[in-house]
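The values are calculated or read from the model by the stated rules, or taken from the named source; none is laboratory data. Just so it is clear, the structure is predicted and the values come from calculations on it, not from any experiment. We place every Cβ from the backbone using ideal geometry, glycine too, and count neighbours over all the protein chains shown. Note: areas computed on protein heavy atoms with side chains; ligands, DNA, RNA excluded. Shrake-Rupley method; radii C 1.70, N 1.55, O 1.52, S 1.80 Å.
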Amino acid sequence: MDHVQEQVRMKLPAEAVELYTRYIHGEVNRRDFLRGVKRFAIAGLSAEVIVQALMPNYALGQQVRKDDERIKATYETIPSPNGNGYIRGYFVRPFSQDTRDEKPTKLPAVLVVHENRGLNPHTEDVARRFAMENFMAFAPDALTTVGGYPNDDYRGGQLFGKIDPAKRLQDFLASAQWLKAHPLSSGKVCATGFCFGGGVCNTLATLMSGDLAAIAPFYGGNPMMADVAKIKAAVLMHHGGLDMNLVKAYPAYEAELKKNNIPNEVHIWQNSVHGFFNDATPERYNKVTAPQAWVRSIEWFNQYARPAS
């Protein structure tokens, strides 16, 4: 992070970050977002500098290079007969899982579900991080049938809204089932996701019964309460303590999980906003709590998706 970005980070009020969050969720259009940012311009920092600080910086958020020799990554297109016909995604696994091996070791799999803007570079990087933890991962792009992620989060959000939600959900369900049946998969499938993607994880858990071993949604909306009893997956929830709408909503979900004896754990991470895990958005990223949430997610998936030693 350069000196100017650090200055912005130190001076911007929480309201500016909240405005950005509303913008990326489609609650505020681009014109109103830019107009609103001007209210936060302070000495030495123009509105333009503030906008640049709030926008994603995907180079900054890359932890694993796309050409890292320790992983093998490909783009795969799979059928989704009950969804939009097909869906394309980013498939990553440790390089040692090369199919040329005579008897490759089968690994647990993780479905990585993006936010409401499509398969952006941050989500792909998260998939690579799972490969580095000895999982195979698939990050599908809900925007496949409208041309895929357009390399612009705002445009991605606009395209996202044009896709039928029911068909979109079936695309993610098909992706999870593809992972379970993959010849290199152990058959143990986990799921994580962010915002919209976190809500998808919660809903998939109600649809997949024992076919889903564990989920770790980040700031995801609750599933339908009437469907919680169908969940067989172990549920780990992550919410930012400053993300008040979701903090207020999660206890109802937690109560239903406990009522039905479903393994669950919730973390309300202090001093963390919505999107606190996303290191491509430095104004939201919490460098203390995000790594802790990641470690706990890996531990959770290892606990429920790998054979006991």
Answer with yes or no whether A226 is free of Cβ contacts under 8 Å to residues at least 12 places away in the same chain and of a type in the set (G, A, S). yes
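Here is a list: I50, I78, I71. Which entry is hydrophobic (A, V, I, L, M, F, W, C), touching a Phe, Trp or Tyr at 6+ places or on another chain (Cβ under 8 Å) and farther than 29 Å from P291 by Cα? Working first, answer last.
Numbers: I50 fails: farther than 29 Å from P291 by Cα; I71 fails: farther than 29 Å from P291 by Cα.
Matching residue, one of I50, I78, I71: I78.
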Consider R30 carefully, then state whether it is open to solvent by 60 Å² or more (accessible area, probe 1.4 Å) and under 24 Å from G118 (Cβ atoms). yes
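Conditions (1) touching a residue at least 12 places away in the same chain (Cβ under 8 Å); (2) open to solvent by 60 Å² or more (accessible area, probe 1.4 Å); (3) touching a Gly at 6+ places or on another chain (Cβ under 8 Å), marked per residue:
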{"site": "F194", "(1), (2), (3)": "yes, no, yes"}
{"site": "G199", "(1), (2), (3)": "yes, no, yes"}
{"site": "A233", "(1), (2), (3)": "yes, no, no"}
{"site": "Y250", "(1), (2), (3)": "yes, no, no"}
{"site": "Q270", "(1), (2), (3)": "yes, yes, yes"}
Please work out which one of (1) polar (S, T, N, Q); (2) open to solvent by 10 Å² or more (accessible area, probe 1.4 Å); (3) in contact (Cβ under 8 Å) with a residue 24 or more places away in the chain is the condition S209 fails and give its number. (3)
Among (1) open to solvent by 60 Å² or more (accessible area, probe 1.4 Å); (2) of a type in the set (A, V, I, L, M, F, W, C); (3) in contact with a helix residue (DSSP H, G or I) (Cβ under 9 Å, 6 or more places away or on another chain), there is one condition M244 misses while meeting the rest; what is its number? (3)
Checked segment 289-301 for anything touching a residue at least 12 places away in the same chain (Cβ under 8 Å) and either in a loop (DSSP other than H, G, I, E, B) or open to solvent by 50 Å² or more (accessible area, probe 1.4 Å) (or both); matches are Q292
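Would you mention how many residues in segment 127-178 are charged (D, E, K, R), within 29 Å of I298 (Cα to Cα) and either touching a strand residue (DSSP E or B) at 6+ places or on another chain (Cβ under 7 Å) or free of Cβ contacts under 8 Å to residues at least 24 places away in the same chain (or both)?
Within segment 127-178, residues that are charged (D, E, K, R), within 29 Å of I298 (Cα to Cα) and either touching a strand residue (DSSP E or B) at 6+ places or on another chain (Cβ under 7 Å) or free of Cβ contacts under 8 Å to residues at least 24 places away in the same chain (or both) number 3.
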Could you list all residues from segment 274-294 that are aliphatic (A, V, I, L, M) and closer than 11 Å to H238 by Cα? A290, A293
